[in-house]
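The values are calculated or read from the model by the stated rules, or taken from the named source; none is laboratory data. All values derive from a computational prediction rather than experimental measurement. We place every Cβ from the backbone using ideal geometry, glycine too, and count neighbours over all the protein chains shown.
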Amino acid sequence: MSRIAYVNGRYLPYAQAAVHVEDRGFQFADAVYEVVAVVGGRLVDAEGHLVRLERSLDELRILRPMSRTALAMVLAETVRRNRVQTGHIYLQVSRGAARREFAFPAGVSPTVVAIARNVDMTKADASARRGVAAISQPDIRWGRCDIKTVGLLAAALAKQAAKEAGAYEAWLVDRDGFVTEGSSSNAWIVTADGALVTRPLGHAILGGITRSAVFELARQEGLRLEERPFTLTEALAAREAFVTSTSSYVMPVTSIDGKPVGNGGPGLVAGRLRAIYEAHSASHGAGRPDWQAQFLAP
C-alpha cells in the first residue's frame, strides 16, 4: 500500500506530497510538531499532545490552523488511510510560506503536514528487557526547550554522538552540571532510598506527554516523587535510571558513559512502570473507541 500524507487540506501519496520552497519551517525552523503514539489504530494521550501543540503555537505566535476537533479528525483520518495499528503519527505546523525575511510575515496561512507509519515494537521491547546505554553531552540547545519546535539540530548532534558511541540515548547536561533531559526523551532516576526523581518543568526541558502520564501512574502506585535537578554523579549512584518518550515508553538505562547504573541491569521500578504504561496506552488507544469525544471543546 502506498503511504498517504496530509498536506494543507489534502491527503496525497508520498510522491505528490510537498510544501513550498519558502516555507518558514524549512528556512527558519519556524514550526512546531508533535509525535503521537498509535495503539490498536487509536491515538494515545491525544488530548495532551494537542493541548501542548496549541501552547507551542501560541508561544511562537503562529496561528492555530484549525480547531482542536478538526485537527483530531485529520490525525485520525491519516492513521486510518495508512492502516496504522501500532506506530506513530507525526504532525507539523509551520508559520507558512512567504518571501524570506526574518520578521513574521502578515497574512500567511500556516502549513500543516501529518504522516503516519506502523512501527514494529519488537526491538524496543527487547531493549527494555536488557536495558540500554546512555552517554552524556553538553546541552547546547536554545533557552526555550519547553516549546516543541522543529529546531532539532543540537538534539540531532547529541543523538548522532550516542549512535557513534553505541548508545541508545544522550543525556544532556547544563552549565551547572545537572541533567536536563535526553536528546529525545525525559530523564529519570530512582535513588538508593527509593525516590523517583525527574527534572521539574520549565524552560530547560520539554513537558513530555509520556512523562506526565508516567508521573501520574507512579503517584497512583504510591511511589515517592521528587521534581528536582540531579547530576550525572547522582545518576551513577542511583538504584535505577530510565527515560520516557512517545517512542520509548519507559526504557531502562543501565549504563551512562560506560559506567553501570545500579547492578547494571533493568530495575524493578522501570519494569513496573513500563508495564502499567503499556496498559495505560492500550486503554487510551485501542480500548477507547470514542476518543474523539475528548475534542468537542474548541
Strands (runs of 3 or more DSSP E) within the stretch 1-42 that include 2 or more residues touching a Pro at 6+ places or on another chain (Cβ under 9 Å): 4-7
Yes/no for residue 147 being in the same structural domain as residue 207 (by TED's automatic domain parsing), in contact (Cβ under 8 Å) with a residue 40 or more places away in the chain, part of a loop (DSSP other than H, G, I, E, B) and crowded, with 17+ Cβ neighbours inside 10 Å: yes
Qualifying residues in the stretch 208-238 (those that are assigned to a helix (DSSP H, G or I) and small (Gly, Ala, Ser)) - the one farthest from residue 145 (Cα to Cα): 218
Selection count where residues are of a type in the set (D, E, K, R), touching a residue at least 12 places away in the same chain (Cβ under 8 Å) and more than 14 Å from residue 193 (Cβ to Cβ), scope the stretch 216-227: 2
Number of positions in the stretch 69-96 that are over 18 Å from the mean Cα position of the chain (by Cα), among the small types (Gly, Ala, Ser) and surrounded by fewer than 21 Cβ atoms within 10 Å (Cβ to Cβ): 2
Conditions (1) farther than 28 Å from residue 284 by Cα; (2) buried (at least 21 other Cβ atoms within 10 Å of the Cβ); number of the one not met by residue 44: (1)
